[in-house]
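Student: Submitted below is the structure of interest, expressed as structure tokens.
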Amino acid sequence: MKSSQRKRVFSFSIKHSFLIRICAVLLAAAWTAAAFPALPARTVNAAGTGINSASETGTGSASGSDHPSAAVMPKIAGIHETAQTAGRQTATASAETAPGAEGSEGPEVSKGPEASEDPAGSEVSETSESGTAAEPGDASENGETDKDSGGDENEDGVFIELPGDPEEAKSLPVQTNEIDGWPQGPAVSARSAILVEANTGTLLYAKNIHEPHYPASVTKLLTAAIARYNSDLNDNVIYTSEIVHSINWLEDSNIGIKPDEVITMEQSLYGLLVGSGNECGNAIGAHISGSAEAFVELMNRTAKEIGCVDSHFVTTNGIHDDQHYTSAYDLALIAECVFSDELLSRMTRTASYTIPQSATVSQQLVINSKNRLFEGKEYAYEDLVGSKTGYTSLAGQTLVSCAERDGMKLICVVLCDGSPMQFTDTVDLFNYGFSNFRAVNVSENDDTFTIQGNTFFMADKNIFGENKPLLSVDEDAVLILPADASPEDLQTELRYDGVQDGQAALVSYTCCGQPVGTAAILFTDPAVTFDFDAQPAETEGAATEETASGPKTVSGLMKLTTRSPFSGDNVIFLNVRRIVIVVAAIAAALILLLILRSVIHSRRLMKRRSAIIKRHREKRDEIIDFDKYTNPLE
């Protein structure tokens with residue numbers, strides 16, 4: 001009896017055992033998900049297709065302190081179309097070519113290979129192109145140069161502006177001043193000028209930034225950058241007789257080294273950047289590429305790879321050639337490579353350097369810079385990171401400089417300027433940048449793209465761990481905003497091109513229609529993120545190692561990876577572990593409901609059966625009253 005009762009009591013539960021088993025399996029899966037590290041978060045687009053992901057290709061630097069730890073791919077955010085195209089001048093008719101002597105830096109030290117050195121390191125009077133002494137930094141011109149000719153058309157049909165009236169140059173339009181709401185920049189006497197924030201690539205000031213000009217000795221910045229990444233500082237550089245006599249000792253700036261003497265690569269770089277030694281450029285080029293001509297090919301290839309669009313180089317040092325030209329925009333890209341390296345930055349802010357006498361150097365060489373932005377000079381700039389001067393009669397004064405303050409690193413380029421206006425223009429532009437713009441941390445001011453809270457969009461170490469946002473904005477990302485602008489004035493655009501490993505997307509910010517920076521949206525734990533439909537990574541840049549085809553370029557050290565943009569417009573980020581836990585919890589709740597329902601139903605059945613049994617017992621135990629019945633026979 002008791003056995004049959006139990007079967008009847010749990011009959012309803014047995015009927016639902018299949019559902020209970022399924023729920024139990026889901027509950028076990030939930031426990032597994034809680035006990036082990038979080039499952040990877042899969043990223044899908046609106047169509048449900050997995051995105052392509054390319055892991056950032058690491059490019060290790062050379063071992064030892066002789067090499068930079070990393071190279072930075074230059075970036076300059078473009079301004080509106082009229083500013084981008086302003087200054088790109090192509091000759092449509094023949095222009096009168098202005099005669100001029102072979103250019104060299106007038107304001108630099110000029111000594112012959114046999115000239116005696118000043119052991120005390122006193123400054124030597126500088127020599128202009130005509131061979132006459134000039135005041136440091138002054139633009140002394142060869143009498144044959146026609147400064148009013150307006151421009152020079154080279155054999156390639158590229159029209160090069162020549163130095164002219166500074167006041168006329170001041171009246172030239174500044175493209176960034178035409179942007180509504182953008183801080184108005186100063187009028188400078190340089191025909192071409194640019195001010196850019198290096199960390200974000202934000203373009204602050206643009207005046208004919210794509211106009212081609214002769215760069216003079218600021219060419220040496222590219223030579224130094226390539227040498228830095230393709231040689232050791234302790235390499236011995238031989239100054240052969242051919243190299244020493246490849247320049248005009250009476251007109252071209254030099255450090256006074258003699259034929260067949262040998263100095264290190266580090267000393268050669270100091271000679272190149274401090275003393276603006278033209279022979280140093282040729283010696284460095286020959287050491288790396290076998291000849292100065294082969295090195296120039298490397299210069300042009302590197303310039304193209306880092307984004308230069310207006311340049312063609314012919315010499316390693318900037319000695320004048322009609323086919324040797326560049327633009328303020330391109331020089332800003334080159335300068336970013338230079339000023340991202342601490343050693344090169346230190347060299348470009350060194351006022352004096354001495355190469356001691358040795359077994360390979362017959363006498364001490366004292367090298368002095370005439371850059372008047374340096375400490376103790378007339379136009380000294382306190383926050384200067386580095387600076388390089390240049391000059392020829394056809395190039396005018398050229399100057400590339402960098403300064404850093406309040407979280408902003410500004411690069412300034414002025415071309416085709418006068419003297420000393422190249423210094424005053426640079427100071428004015430630096431002051432304009434630091435006074436009218438400010439750096440703003442994105443993560444501290446914009447939480448639009450930080451997904452957090454008690455939602456599916458969370459990741460944590462385990463079931464007992466601390467919750468963290470699944471997605472967050474890069475804490476180091478900054479924007480460069482006009483001083484009177486607020487984060488509310490920003491416009492944003494979510495992008496998926498160029499996204500690297502560990503990044504969910506990129507957010508591009510604009511203000512007044514101008515790009516002011518980019519921030520990466522990061523997964524909380526990049527180690528546990530992956531893509532189900534990853535495609536092979538596409539990399540940009542040349543090989544990072546020296547091969548039979550030649551030495552590596554600067555950009556070759558900086559492999560960037562990209563991935564295809566989404567085919568859909570909307571993106572959904574799913575935390576798989578969170579979903580599994582929620583589903584398992586629902587399953588557990590269903591199990592409890594089924595059990596509860598089964599118990600309740602069983603109790604009802606037990607009550608009904610008890611009532612029936614009771615009635616049966618009552619009927620069975622009922623006492624028969626025979627008196628109720630009468631005997632019909634009586």
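Student: Within the set Lys170/Lys207; Lys220/Lys304; Lys220/Lys370; Lys220/Lys388; Lys170/Lys304, which residue pairs have Cα atoms separated by over 20 Å? Walk me through the numbers before you get to the answer.
Tutor: Working: Lys170/Lys207 10 Å; Lys220/Lys304 17 Å; Lys220/Lys370 16 Å; Lys220/Lys388 9 Å; Lys170/Lys304 31 Å.
Among Lys170/Lys207; Lys220/Lys304; Lys220/Lys370; Lys220/Lys388; Lys170/Lys304, the Cα-Cα distance tops 20 Å for Lys170/Lys304.
Student: Compute the Rg to Rh ratio over the stretch 174-291 from the alpha carbon atoms, using the Kirkwood formula for Rh, and round to two decimal places.
Tutor: Using only Cα positions, Rg/Rh for the stretch 174-291 is 1.13.
Student: Run a plain Debye calculation on the stretch 260-381 (Cα atoms as equal point scatterers, no solvent) and give log10 I(q)/I(0) at q = 0.19 Å⁻¹, rounded to two decimals, same order as the q list.
Tutor: The Debye formula, applied to the Cα set alone, gives -1.20.
Student: Between Thr510 and Glu178, how many nm apart are label points set 7 Å from Cα along the C-beta direction?
Tutor: 1.7
Student: Gain in length, Ser171 to Ser291, computed as 0.36 nm per residue apart minus the alpha-carbon separation, to one decimal in nm? Can you show the working numbers first?
Tutor: Details: separation 120, 0.36 × 120 = 43.20 nm, distance 4.35 nm.
Once the chain is fully extended between Ser171 and Ser291, it gains 38.8 nm.
Student: Order Ser352, Ser508, Ser192 by their accessible area, 1.4 angstrom probe, all chains in place, largest first. Don't skip to the end; give the middle numbers.
Tutor: On the way: Ser352 60, Ser508 20, Ser192 0 Å².
Final ranking, largest accessible area leading: Ser352, Ser508, Ser192.
Student: Right, another one. Counting only protein chains, not ligands or nucleic acids, how are Thr398, Thr424, Thr200 ordered by accessible area (probe 1.4 Å), most first?
Tutor: Numbers: Thr398 0, Thr424 45, Thr200 20 Å².
From most exposed to least exposed: Thr424, Thr200, Thr398.
Student: Using the Karplus curve 6.51 cos²θ - 1.76 cosθ + 1.60 with θ = phi - 60°, work out ³J(HN,Hα) for each residue of the stretch 213-229 in order, rounded to whole Hz, and write x for Gly and Pro.
Tutor: Per residue, the Karplus-derived 3J(HN,Hα) values read 9, 6, x, 6, 6, 5, 3, 5, 5, 5, 4, 5, 5, 5, 4, 4, 9 Hz.
Student: Just read off the accessible area of Phe523 with the full protein assembly in place, 1.4 Å probe, to the nearest 10 Å².
Tutor: The accessible area of Phe523 comes to roughly 20 Å².
Student: Could you state how much accessible area Lys207 has, in square angstrom rounded to the nearest 10, with a 1.4 Å probe and all protein chains kept in place?
Tutor: Ignoring ligands and nucleic acids, Lys207 comes out at about 0 Å².
Student: Hey, another quick one. Only Cα pairs under 8 Å and at least 6 apart count here; give the relative contact order of the stretch 281-399 as a rounded whole percent. It would help to have the intermediate numbers written out before the result.
Tutor: Numbers: 144 pairs, mean separation 17.7, N = 119.
Once normalised by length, the contact order is 15 percent.
Student: Rg and Dmax in Å for the stretch 342-381, alpha carbons only: what are they?
Tutor: Every Cα atom of the stretch 342-381 included, Rg and Dmax give 12.9, 39 Å.
Student: Residues of the stretch 376-397 with backbone nitrogen within less than 20 Å of a virtual label 7 Å along the Cα-to-Cβ line of Arg405, please, listed as ranges.
Tutor: 376-388
Student: As a test question: what accessible area, to the nearest 10 Å², does Leu494 have when a 1.4 Å probe is rolled over all protein chains in place?
Tutor: 70
Student: Moving on to the next point. Probe radius 1.4 Å, ligands and nucleic acids left out: which of Ile284, Ile238 has the largest accessible area, and how do the rest follow?
Tutor: Working: Ile284 0, Ile238 95 Å².
Heavy-atom accessible area, descending, gives Ile238, Ile284.
Student: Of Ile209, Trp182, Ile160, whose Cα points farthest to the positive end of the dipole of the stretch 147-261 (charges on the beta-carbon: +1 Lys, Arg; -1 Asp, Glu; origin at the Cα centre)?
Tutor: Trp182
Student: Continuing with the same structure: Taking 0.36 nm per residue of sequence separation and subtracting the Cα-Cα distance, how much length would be gained by fully extending the chain between Gln491 and Leu590, in nm to one decimal? List each step's numbers first, then the result.
Tutor: Numbers: separation 99, 0.36 × 99 = 35.64 nm, distance 4.73 nm.
In short, 30.9 nm is gained.
The values are calculated or read from the model by the stated rules, or taken from the named source; none is laboratory data. The shown structure was predicted, so the numbers you read here are calculated from the model rather than taken from an experiment. No Cβ is skipped: glycine too gets one built from the backbone with ideal geometry, and neighbour counts run over all protein chains shown. With ligands, DNA and RNA removed, areas are computed over all heavy atoms of the protein, side chains included. Shrake-Rupley method; radii C 1.70, N 1.55, O 1.52, S 1.80 Å.
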